[in-house]
Amino acid sequence: MDRILIVDFGSQVTQLIARRVRESGVYCEIVPFNSAEKAFSEMSPKAVILSGGPNSVADIDTPRAPENILTSGLPILGICYGQQTLCAQLGGSVEQSDEREFGRAMLDIKANSPLFDGIDGIDGSEIQVWMSHGDRVNNLPDGFAIIGTSENAPYAAIADETRKIYGVQFHPEVVHTPDGAKMLENFTHKVAGCKGDWSMAAFRDKAIADIRAQVGAGRVICGLSGGVDSSVVAVLLHEAIGEQLTCVYVDTGMMRAGESEQVVGLFRDHFNIKLVHRDASDLFLGKLDGVSDPEQKRKIIGGTFIDVFEEEAKAVGGADFLAQGTLYPDVIESVSFTGGPSVTIKSHHNVGGLPERMNMQLVEPVRELFKDEVRALGQELGLPETFVGRHPFPGPGLAIRIPGEITGEKLEILRKADTVYLDEIRTQGLYDEIWQAFAVLLPVRTVGVMGDSRTYDYVCALRAVTSTDGMTADYYPFSHDFLSRVSTRIINEVRGINRVVYDITSKPPGTIEWE
Ligand code: XMP
């Protein structure tokens, strides 16, 4: 299998390089610059891409590309910081420039290069690229020539065609460089000679082989939440190690209507996976009694979840490994250098701390993938469309959709409203256009009139957003007809709600969930 190694210098968009390379049908892995030397020798890639990063090559002690990569004779593409360090290390130079360039710039292609194959622009017209730099190359190493320039970056694209080493100041991996994906494909296919035959089926086979190699005859335990990531991990592990896997599904009492039945039905009955189903709703509800602070709610749920999971893991005789559906965006945060610890907006719920407590190692077979790639893998593994295409659902569940205190009564009301709302969304064929849609039960009662009587009931807020990764989001522009139909149905069908509002806040400044 052809592989590309991506050396991460800490750019916020390194993961997009991986994405584009995989979209071109080539397998790739990202490693932080400080472990790249070792990874390079172990991986035998066909080419290397050096990512951008926040540092300045002009400062001492900033990261450099490992020597074994530079002297390997393999094709190399340096992007932004990657281009600068490449130049500095190969004998050229880099200057700190006053003319910084952020955002859109126009690239004037100056020479025929395999990197630009199939891209218009050689005829003198310019193509749009996306820049984000202060430093820039000002002196080329021997053997290099300029193949593209922009107004503030005379060395915007450079090449040593003989050694197949390329450098670009702009970011080909972002969508604001419309021809960038083609350039990366040119690099992997035309320059590096990769066949482009990598697919999700190939990933699945490799993941299964890797799991078997890691786990051996060990026992693995996997927390199933009913979400896409853990579902895919469970089925993948089951294919790899069969009976060595036990899944644990903890019903926190904060699940949506019918959720537990669906999860148990699919995994235990359909896939025949060993599954422990623990109904811990009373325990969770008891611990949350009287608690209204969002962070405290999250911490109680996270902590209780771990306790229950640990109990169940012990009850099945323990395990050597804990499987988790960690995704690529979760991984990249831990290798990026964002200039300091980031502020905790919400404490996310996961089984953190458990592996150490129980002396288990982690198995994270989808840590290279993005959400939509996990979905594609799920399809490959035969998970039903209804599971694979599911909207994300947060670990703390409905608890963070009931601002303030949680009671059994409120949970029941919310479940019913949520079911009606999603039923309408599905009936209108809108489900797949939306990243996430759910109802929120506000701790506010308002006066209404139904029939000839006064009502004094809760307010239900509806939320629906579009997003690509959950990091930023826009509210979904439902038609007024749709909103009034849902509102009427909820008020008619759900006792306890007499008013419905629609949340039109984007993220930022809002978050997707209400707590
Ligand atoms: P926010 O509300 O932070 O949510 O904009 C972004 C995405 O993350 C989900 N979310 C969670 N997922 N555990 C999870 O597994 C959590 O504690 C959690 N909190 C929020 C949220 O549903 C959205 O998709």
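The values are calculated or read from the model by the stated rules, or taken from the named source; none is laboratory data. Note that the coordinates shown come from a computational prediction; the quantities given were computed from them, not determined experimentally. Here Cβ is always computed from backbone atoms with ideal geometry, including for glycine, and neighbour counts include all displayed protein chains. The protein model used for the area step is the full one, side chains on, heavy atoms only, and it has no ligands, DNA or RNA in it. Shrake-Rupley method; radii C 1.70, N 1.55, O 1.52, S 1.80 Å.
Here are the numbers for the structure shown:
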{"read-out": "Potential lengthening between LYS314 and ALA257 on full extension [0.36 nm per residue; Cα-Cα distance subtracted]", "value": "17.6 nm"}
{"read-out": "Stretchable slack from ASP205 to ARG100, in nm (0.36 nm times residue separation minus alpha-carbon distance)", "value": "33.2 nm"}
{"read-out": "Centroid-to-centroid separation of region 212-286 and region 424-444 [C-alpha atoms, Å]", "value": "25 Å"}
{"read-out": "Computed lengthening from ARG445 to LYS299, 0.36 nm per intervening residue step minus Cα-Cα distance", "value": "49.8 nm"}
{"read-out": "Sum of side-chain charges, LEU354 neighbourhood, beta-carbon under 13 Å (Lys, Arg +1; Asp, Glu -1)", "value": "-3"}
{"read-out": "Formal net charge of residues neighbouring ALA217 (Cβ-Cβ distance under 14 Å; K, R +1; D, E -1)", "value": "0"}
{"read-out": "Per residue Cα convex hull volume in Å³ - calculated over the chain", "value": "165 Å³"}
{"read-out": "Accessible-area ranking of THR505, THR252, largest first, probe 1.4 Å", "value": "THR505, THR252"}
{"read-out": "Calculated from backbone phi, Karplus (6.51, -1.76, 1.60) coupling profile of region 210-216 in Hz, x at Gly/Pro", "value": "5, 4, 4, 5, 6, 8, x"}
{"read-out": "Residue-normalised accessible area of the chain, given per residue in Å² at a 1.4 Å probe", "value": "43 Å²"}
{"read-out": "Amide N of region 452-475 lying under 15 Å from the label point, which is placed 7 angstrom from the Cα of THR407 along Cα→Cβ", "value": "456-459"}
{"read-out": "Over region 200-388, volume per residue of the alpha carbon convex hull, in Å³", "value": "129 Å³"}
{"read-out": "Members of LYS299/LYS507; LYS274/LYS297; LYS38/LYS299; LYS46/LYS182; LYS190/LYS371 lying beyond 27 Å, as alpha-carbon distances in this model show", "value": "LYS274/LYS297; LYS38/LYS299; LYS190/LYS371"}
{"read-out": "Accessible area of the chain belonging to carbon and sulfur atoms, whole % at 1.4 Å probe", "value": "48 percent"}
{"read-out": "Bridge type composition, the chain - antiparallel percent by DSSP, nearest 5", "value": "50 percent"}
{"read-out": "HIS277 accessible area, 1.4 Å probe, all protein chains in place, Å² to nearest 10", "value": "80 Å²"}
{"read-out": "Local net charge near VAL7, Cβ-Cβ under 15 Å (Lys/Arg +1, Asp/Glu -1)", "value": "-2"}
